[in-house]
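Here, each number is a calculation from the coordinates, and none is a lab measurement. What you see is a predicted model, and the numbers here were worked out from it, not measured in a lab. Counting neighbours? That spans all protein chains shown, and the Cβs are built from the backbone with ideal geometry, glycine included.
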Amino acid sequence: MKLGTELRTMIDGVKDGRMDRRGFIQRMIALGLTAPMATQLLAIGGVAMAESPSAYKPTKRGGGGALKLLWWQGPTLLNPHFATGTKDQDGSRLFYEPLACWDANGNLSPVLAAEIPSIENGGLAADAKSVTWKLKPGVKWHDGKPFTADDVVFNWEYAKDPATATVTLATYRDLIVEKIDDLTVKISFKNPTPFWADAFVGAPNAIIPKHLFQDYTGDKSRDAPTNLKPVGTSAYKFVEFKPGDLIRGEINLDYHMPNRPHFDTIEMKGGGDAVSAARAVIQTGEYDFGWNIQVEDEILLRLEKGGKGKASYAVGGDTEFIALNFTDPNTEVDGERSSMKTKHPLFSDPAVRKALSLLVDRDAIKNVIYGRAGRTTANYLNGPEKFVSKNTTWEFSVEKAAKLLDDAGWKPGADGIRAKDGKRMKILFQTAINGPRQKTQAIVKQACQKAGIEVELKSVVASIFFSSDVGNPDTYPHFYADIQMFQIPMSQPDPAQHMRRYHSSNVATKANKWQGQNFPRWVNKDYDAAIDAAEGEIDPIKRAAFYIKANDLMWQDTVFIPAMHRLKVEAASNTLRPVLSGWANETDNLHEWYREA
Amino acid sequence: MSQYILRRLLIAIPSLLGISLILFIVLALAPGDPFSELATNPNVPPEVREALRAKFGLDDPIYLRYVHWLVAMVHGDWGFSFVSRMNVDTLILQRLSTTLYVIGSAQLLALMIAIPVGVYAATRPYSIFDQVANTLAFIGFSLPTFFTGILFILIFSVKLDWLPFVYSTDIKATGIHWIGEQIRQTIMPVMVLGLFQAASMTRFVRSAMLDVIRLDYVTTARAKGIGQRRVIIKHVMRNAMIPVVTLIALQVPAVFGGAIVTEQIFRIPGIGSLLISSILANDTPVVMAVTFVFACLVVLFNLIADVLYGWLDPRISLR
């Protein structure tokens, strides 16, 4: 742990004032860590987290006219605790606010909190078992009632009640929230929790008012009139909501941040598809901002020519990957295919897995499909930077793959398809229906054919592929195929939840109704040990090292073949200055948005 | 007559029950669930998703769910949307006016084109006008609305920049400007739908007219020296319009049902786009309500068409 000691000295240096923050962050970048993680390191290491300088220019409140947002999947409800998708979180966040949000640089920036907790200001406990938040004084709900610690405590009670059926249940059920005084709340964790910025942070955990929801908890939660007419604390007051179609808001003249917001009214229109949304923002300028523009780069470049807007990108940790099945999808054992009692006939040979990895042409996938919206990678874990392994490499080479297979005894048969011991190299490749995914499938199939592997392609409608339907064999947790491709979004700048999935205790089986999250059904003792150790580790350096080790183990075993590190793509008008973060919902920093005159 | 209507209404009950049962079973057998998007959210563990399924009764056996739904429906409770967590009837009523306005205008436009063109073409069969009208009608109903819709957007929004292509339900204007904007944004969807409908209706009107125009009583009327205009309008059209009226009555439910494709292209918040997004989100109560109301309307307007037919054509008696 040479890096560890060096880092400690530097953090101490910043504390003593021997080194300035900027110098520290630059050194960190030189060491392969980037700004967001370096600042988190400083926070845990005992330095107050500085906010990124705000680029907000307007010097008065309002006057920015109307802000027109186009979400091609319109929000269908406006209570963050019931949000079934990010679209609902985005819509709720127009009116509700969290204690803090992730800014464009991946730093926490206070919203309803007076400051970001740190060890220096007494907000963080040294044992990582509690966080104390100081609330901003003088904040009012849109109906004039004051915002206090009671509201924060209420959200915890509301969310953790199983009868309320919230989707935020998991965030709140294992912690205890108590009111210290009107403007202070303390969150206590059962176990040391190195990543403490989850509860009450970001759009998914925005805070709803106690006085309007306290009579509607548990089974009565669905009857709350405020579910459809939010009364929040944000920069915009609610005007109108039509599920799936339209949300309207108007400026909150009592907003608690100076000179904000810039816009007088806000409108979020839903419906349609991504391509025409890109057209309405970039080409005709009917709208100022288009959400989640997953459109081929070629089309975007064409629309941008002489257009009124452009695509903007935010880097997060989303990785499009090809997962390999470690069990046999074609043999049924006790009414279950891909059973843990079987071994995959081809992939039980590591050479076959390695060869497959050599056959995924990531450069072609980037150039042909993702363009500016993708980065090639060898890692499953691609962010935050602190957790990204530098030990891995990838390569595309049909020749090397063929040689690897030859050496392992997989010889081409009369039809050109390789076989060994009567096992033919034929694999079924499934994914969700989505233009870029089908094109990626074609690129992989072509390379495999050259190397003597027959690939059958299958695409499943997304609503089925991602469903939790126990009876449907086409869902990704069943994984009744040899390989499958999709991505699991990384919604916060920490890998804990993301990496926990592949712990051997989480294997998806018939016994747990395929609710286990380890769908490749890969079991590795070293991996389990690394994950267990990381979750109890308070030292941020050691913790990061454990996750890097976990990533490298997956790489060595070729559990995943990462096809692309995907960036968030949005469309914005040329004059709009949106603040976007790869780690937050698009509307999380809406109070910072303005229009250049 | 009233006995006939009563009997038809009584027959409608078992057929509606059958329709609802089939709809419900098909929807229940369809794969996927409303909480699928949560599956990829690492913040939401699978047991939370399971709890939600149980809470909304998705794990109950199909027959129980059907009985629950039926009993509620009889009591006038249309159900509760899983996705929006609000009552289905509010959700539908919110969108009904837009659908009626857009699809209704399109149907009117279709009639206004189809009747004069069809009648005129029939009076001069195989003339140049008839040939041109026929060719255009053929092209019209061969081109699907998703194609003409996108073509219109490319021409009128992107190239010419005359019309907006995103339908907005809150236009920031008052008085005459509001009406102007409202018309401006409905031109494209109404044209796309109206022209498509007009094409097939024109051919229908023309052939109905041709059937009648050859009959002996028309020749008699002409022999009496009645002018061409009067013969066509008073004698031919009156009879030729009987099947057209039936056709229009059968089209009315479609006005309520919305137009899925066109609503999606122009982002019109109507019943059609509600239906498609609910199907994609597996929001069964909404899909069930929309399709069932649609089924009721079809049954009802079939009855109306039959009654109307008997009234227009006294030769047909309803018993």
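In table form, for the structure just shown:
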read-out: Tail fraction, Cα-Cα pairs, segment A:449-576, threshold 24 Å, whole percent; value: 42
read-out: Computed over chain B: relative contact order in percent, which uses C-alpha pairs under 8 Å that are six or more apart; value: 27
read-out: Dipole magnitude (debye, nearest 20) for segment A:474-597, charges at Cβ of Lys, Arg, Asp, Glu; value: 240
read-out: Residues residue A:575 and residue B:226, FRET efficiency given R0 of 45 Å [Cβ-Cβ distance, rounded to 0.05]; value: 0.05
read-out: Between 0 and 90°, nearest 10: helix A:21-30 axis offset from chain A longest Cα axis; value: 10
read-out: Residue A:181-residue A:407 pseudo-label distance in nm [points 7 Å out on the Cα-to-Cβ vector]; value: 7.0
read-out: Difference of contour (0.36 nm per residue) and Cα-Cα distance, residue A:114 to residue A:415; value: 101.4 nm
read-out: Structure-based [θ]222 nm, chain B - -39500 (n - 2.57) summed over DSSP H runs of at least 4, per residue, nearest 500; value: -23500 deg cm²/dmol
read-out: Gyration tensor over alpha-carbon atoms, segment B:173-242, equivalent ellipsoid semi-axes in Å; value: 40, 16, 7
read-out: Reciprocal of mean inverse Cα separation for segment A:531-574 (Kirkwood radius, Å); value: 13.1
read-out: Computed log₁₀ I(q)/I(0) - Debye formula, equal Cα scatterers, no solvent, segment A:84-143, q 0.14, 0.16, 0.26, 0.30 Å⁻¹; value: -0.53, -0.66, -1.10, -1.19
read-out: Residue A:460 long-range amide H proximity, modeled H, under 5 Å; value: A:431, A:432, A:433
read-out: Taking A:591, A:211 and counting other C-beta atoms within 10 Å, the order from fewest to most; value: A:211, A:591
read-out: Part-to-part distance (alpha-carbon centres) for segment A:73-103 and segment B:142-196, which is given in Å; value: 31
read-out: Distance in nm between pseudo-label sites at residue A:523 and residue B:138 (7 Å out along the Cβ direction from Cα); value: 6.9
read-out: All-pairs alpha carbon distance profile, segment B:68-152, 5 Å steps from 0, percent; value: 3, 11, 12, 14, 12, 10, 9, 8, 8, 6, 5, 3, 0
read-out: Sites residue A:332 and residue B:101, calculated FRET efficiency, Cβ-Cβ separation with R0 45 Å, nearest 0.05; value: 0.20
read-out: Whole-number D in µm² s⁻¹ for segment A:215-267, Kirkwood Cα-pair radius fed into Stokes-Einstein, 10 °C, 1.306 mPa s; value: 127
read-out: Förster-model FRET efficiency, 25 Å R0, residue A:501 and residue A:439, C-beta, rounded to 0.05; value: 0.40
read-out: Nearest-20 debye value, the protein assembly as shown charge dipole, Cβ charges on Lys, Arg, Asp, Glu; value: 2540
read-out: Footprinting exposure proxy for A:543, B:65 (fewest neighbouring C-beta atoms within 10 Å first); value: B:65, A:543
read-out: Violating pairs (Cα-Cα greater than 31 angstrom) within the set A:229/A:386; A:242/B:55; A:341/A:458; A:160/A:549; value: A:229/A:386; A:160/A:549
read-out: Inter-label distance, nm, simple model (7 Å from Cα along the C-beta direction), residue B:216/residue B:127; value: 2.8
read-out: Qualifying lysines (Cα of each under 23 Å from Cα of residue A:403; at least 8 residues distant if same chain); value: A:354, A:411, A:420, A:423, A:426, A:445, A:450
read-out: Within chain A, helix-based [θ] at 222 nm, where runs of 4 or more DSSP H residues each add -39,500 (n - 2.57), nearest 500; value: -7000 deg cm²/dmol
read-out: Nearest-20 debye value, segment A:355-468 charge dipole, Cβ charges on Lys, Arg, Asp, Glu; value: 200
read-out: Helical segments meeting 15 Å axial Cα length and Kyte-Doolittle 1.6 threshold in chain B (DSSP H); value: B:2-29, B:284-312
read-out: Pair-distance profile P(r), taking every C-alpha pair of chain A, with 10 angstrom steps and integer %; value: 3, 16, 25, 26, 19, 8, 2, 0
read-out: Distribution of pairwise C-alpha distances over segment B:237-319, 5 Å bins, in %; value: 3, 14, 19, 17, 14, 11, 9, 7, 5, 1, 0
